[in-house]
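One structure is given below, encoded as structure tokens.
All of the numbers you see were taken from the coordinates with simple rules; none came from a lab. Because the structure is predicted, anything quoted here is derived from the model rather than measured. Positions of Cβ are backbone-derived with ideal geometry, glycine not excepted, and every protein chain shown enters the neighbour counts.
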Amino acid sequence: MELTLDAILPAMLSLLGGGSIGIVLTWRWQKVKAQADAQKAQAEAKQQEAEAKAAEVEIAQKVQETYEHMIQSKQEEVEDKMRIIQELRMERDHFRQDRNELRERQDKTDATVRNLQREVARYGRMVESMRPFVCGDRSCKLRQSVIISSDGAVEASKSKTIKKGGTPC
């Protein structure tokens, strides 16, 4: 059994003073002790409450850091996607420019082909209109019709016409 001041003091007071003085002193001492215990318990409760609030604050800070990290991560993703979108837009504009240039070149080529077709048709009409005046002999003054083959060879026609006073070619 342990002997503490709490156990010794009431025993001594009852031995020394006995009666009412001892009771009053014991009662006062017990009252002071109870107040001290109450204040100690109150202080411990406040300390535990402060520790709980500190833990809550720490948890709230961790949650806030997590949210900030998530927000930053999402912002980086959005910035990355915006960069990709910008690159795709630039690439699309480049392809549009290439397409427009190709269309212009094709339109010019088509116009050139149409012009050449018109010229070939015109030259064909000119050759057809000159055909009666073509002769296979260059020195001949009597113009006889000839046949020009598709490869450009000149063949004399089967019917030879002789003009007045002339000889056949």
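Points to keep in mind about this one:
- Of all aspartates and glutamates in the structure, the ones whose alpha carbon falls short of 16 Å from that of Lys108, not counting any fewer than 8 places away in one chain, are Asp98.
- Given charges at beta-carbon only (K, R positive; D, E negative), |dipole| of the stretch 49-128 in Debye: 1320 debye
- For the pair Glu91 and Ala41, the difference between a 0.36 nm per residue extended length and the Cα-Cα distance amounts to 10.6 nm.
- Cβ-defined net charge surrounding Glu56, 14 Å radius [Lys, Arg +1; Asp, Glu -1]: -1
- Counted charge near Lys81, where neighbours are those whose Cβ lies closer than 13 Å (Asp, Glu -1; Lys, Arg +1): -2
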